[in-house]
Amino acid sequence: MLLSLSDAIHDPVITVVASYAGDDAADPTTAPIQLHIGQVWFDEDFRLRLWLPEGHDFRAGDLLTLHLDNRTGVDSYDAELRVYRTSYKGQLLQRLSDNRLLVECRDFSLVHGISEVLAHRAPGYAFPADERPLQPLPITPLTALPQLDPDQRDNKIGVLVTRTAEQPHTTVMAFLSTRDDDIFIISFPSTFKVQQLQRNPSCCFAIDERANFTFDKAIQWNYTLIDAIAHEVPVDHPIYEPVKNAFIEKNPWEVAFFDDPNVRLYHLQCQTSFCPARKG
């Protein structure tokens, strides 16, 4: 039985931190998402100590979402994704130093496979209501399969960041990527993450680059960060079959999902991307 996050995820652990930026941070339909790569140590009462080596402009009271998982060292995957993972909703409690923060937990659900194994919700916290209507996603503008990125063949999973009320939500996803940093994922329209995309197709994706090597010093080099717009790829679209075949070839444990008539293929069209490892 797990009693703390550190029972499942050993610290220090690299994290993707997502937040809404600017004065419109209360409105997820207009506020930009800002991403940071940091490192986390677990504290008492489900608090986290967070280090952001590249700096930040956070203030006490700001809402932060931290993606946490133990995927480092996991060499193979199956359809149930047997990795401990959570989208930790936190609030900045205190600046311990310029780049070190103490974050208090608002809510998290730690999942392994398809089961919740540990959860915590702060007293008085309620999941925020979201009145934004669900809208069909636009159809992909692609007419042919783009050139795929062979450098990402061994990087099997990434982190999808969607716009939810109050603070972003993160989800681990298998993916296929192109040389232009476009991303393809699969999911079901009934899932929480897809419904957030239907409320606002603007999203982010963090490609986890740690399949073969982890940068322990320059930890920000472990991810490629992408701002994207989500589209759907209908089953009768010209690129559906080529993308499906390439997706399965890269992520063979996902093949059974395509047998489900309810599964959908989504295209995250890159708007901007940033990978610190490519500097210089």
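Out of every Cα pair in segment 116-275, what percent are spaced more than 29 Å from each other? Walk me through the numbers before you get to the answer.
Numbers: 2569 of 12720 pairs.
In whole percent, the long-distance tail amounts to 20.
For Y88, Y240, which order do you get if you count the other beta carbons within 10 Å of each Cβ and list the fewest first? Can you show the working numbers first?
Working: Y88 24, Y240 15.
Sorted ascending by nearby Cβ count, the order is Y240, Y88.
Kirkwood Rh over alpha-carbon pairs of segment 106-206, then Stokes-Einstein at 25 °C and 0.890 mPa s: what D in µm² s⁻¹, rounded to an integer? Write down the numbers at each step before the final one.
Working: Rh = 15.8 Å.
Approximately 156 µm²/s, per Stokes-Einstein.
Over the Cα atoms of the chain, what radius of gyration and what Dmax do you get, in Å?
Calculated on Cα positions, Rg and Dmax stand at 18.1, 54 Å.
Rounding to the nearest 10 and keeping the result within 0 to 90°, find how far the Cα-based axis of helix 240-250 lies from the longest principal axis of the chain.
Once rounded, one gets 60 degrees.
Where a number appears in this text, it was derived from the coordinates with a stated rule and is not lab data. These numbers come from a predicted model, not from an experiment. With ideal geometry, Cβ positions are generated from the backbone for all residues, glycine too; neighbour counts draw on all protein chains shown.
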